[in-house]
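K.L.:
Mind looking over this structure? Questions follow.
The values are calculated or read from the model by the stated rules, or taken from the named source; none is laboratory data. Everything numeric here is computed off the predicted structure, so don't read it as measured data. We place every Cβ from the backbone using ideal geometry, glycine too, and count neighbours over all the protein chains shown.
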Amino acid sequence: MQMQKLKGIIARFEGHILVVKSDKGNLEYRFNASDLADAEAGERVDLLIASADDPDDISTILSIKSKKKIKPLKMANFNTLVGHMIKTRDRLTATVAELEDPDTISDLREKIEWLERGISLFS
């Protein structure tokens, strides 16, 4: 028995035996399926093993390199964004009160409506 690192893919299950195909050298190693209880065919593994002398014998898993945990997304603080949206809405409202051109007023009112929707969404 020789201790070594094994990175590879779970190739198949043969009853209670799990076959892992190594990334290096296309060698196949056999393990008890109970050693990797939740494993599925096609899954990548990173193991420290004691390989069997005969390639058809069952090798021993000494340790399993754990997978990195996926971090949850952090919710951003939208206070600054909402503050800027409120200031912009108030400025556009003041501008609408001073303008006389109906085309420009309708464009500004549309922008004000979008800002109000955004403010309600992020508040």
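K.L.:
In segment 47-59, what residues are loosely packed, with under 14 Cβ neighbours inside 10 Å and out of contact with any Leu (no Cβ under 7 Å at 6 or more places or on another chain)?
P.N.:
Answer for segment 47-59, where residues must be loosely packed, with under 14 Cβ neighbours inside 10 Å and out of contact with any Leu (no Cβ under 7 Å at 6 or more places or on another chain): D53, D54, P55, D56, D57.
K.L.:
So, L47, is that one on the phi < 0 side of the Ramachandran plot, in a strand (DSSP E or B) and touching a residue at least 40 places away in the same chain (Cβ under 8 Å) or not? It would help to see each step written out before you state the result.
P.N.:
Details: on the phi < 0 side of the Ramachandran plot: yes; in a strand (DSSP E or B): yes; touching a residue at least 40 places away in the same chain (Cβ under 8 Å): yes.
Criteria met by L47.
K.L.:
Among the residues of segment 31-60, count how many are within 13 Å of V20 (Cβ to Cβ) and either over 28 Å from the mean Cα position of the chain (by Cα) or not assigned by TED's automatic domain parsing to the domain that holds F13 (or both).
P.N.:
Adding up the residues that qualify gives 9.
K.L.:
Also, I was wondering about something else. Mind checking which residues of segment 61-93 are more than 17 Å from V20 (Cα to Cα) and in contact (Cβ under 8 Å) with a residue 12 or more places away in the chain?
P.N.:
F78, L81, V82, M85, I86, T88, R89, L92, T93
K.L.:
When you check A94 against the structure, is it aliphatic (A, V, I, L, M), outside any strand (DSSP E or B) and in contact with a strand residue (DSSP E or B) (Cβ under 6 Å, 6 or more places away or on another chain), yes or no?
P.N.:
Numbers: aliphatic (A, V, I, L, M): yes; outside any strand (DSSP E or B): yes; in contact with a strand residue (DSSP E or B) (Cβ under 6 Å, 6 or more places away or on another chain): no.
The answer is no for A94.
K.L.:
Kindly provide the set of residues from segment 1-41 that are among the basic types (K, R) and under 15 Å from L62 (Cα atoms), ordered by number.
P.N.:
The initial filter retains those residues of segment 1-41 that are among the basic types (K, R), namely 5, 7, 12, 21, 24, 30.
Answer for segment 1-41, where residues must be among the basic types (K, R) and under 15 Å from L62 (Cα atoms): K5, K7, R30.
K.L.:
Additional query: Can you find even one residue in segment 67-88 that is out of contact with any Lys or Arg (no Cβ under 9 Å at 6 or more places or on another chain), surrounded by 13 or more Cβ atoms within 10 Å (Cβ to Cβ) and part of a strand (DSSP E or B)?
P.N.:
Taking every residue of segment 67-88 in turn, none turns out to be out of contact with any Lys or Arg (no Cβ under 9 Å at 6 or more places or on another chain), surrounded by 13 or more Cβ atoms within 10 Å (Cβ to Cβ) and part of a strand (DSSP E or B).
One line per residue, one yes/no per condition, for (1) touching a helix residue (DSSP H, G or I) at 6+ places or on another chain (Cβ under 7 Å); (2) of a type outside the set (D, E):
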position	(1), (2)
G25	no, yes
E28	no, no
N32	no, yes
D35	no, no
D57	no, no
F78	yes, yes
R89	yes, yes
R117	no, yes
S123	yes, yes
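K.L.:
Which one of these is closer than 30 Å to K5 by Cβ, surrounded by 11 or more Cβ atoms within 10 Å (Cβ to Cβ) and either in contact with an Asp or Glu (Cβ under 7 Å, 6 or more places away or on another chain) or of a type outside the set (V, I, T) (or both): L99, L115, L62, L92? Give the derivation first.
P.N.:
Details: L99 fails: closer than 30 Å to K5 by Cβ; L115 fails: closer than 30 Å to K5 by Cβ; L92 fails: closer than 30 Å to K5 by Cβ.
Among L99, L115, L62, L92, only L62 is closer than 30 Å to K5 by Cβ, surrounded by 11 or more Cβ atoms within 10 Å (Cβ to Cβ) and either in contact with an Asp or Glu (Cβ under 7 Å, 6 or more places away or on another chain) or of a type outside the set (V, I, T) (or both).
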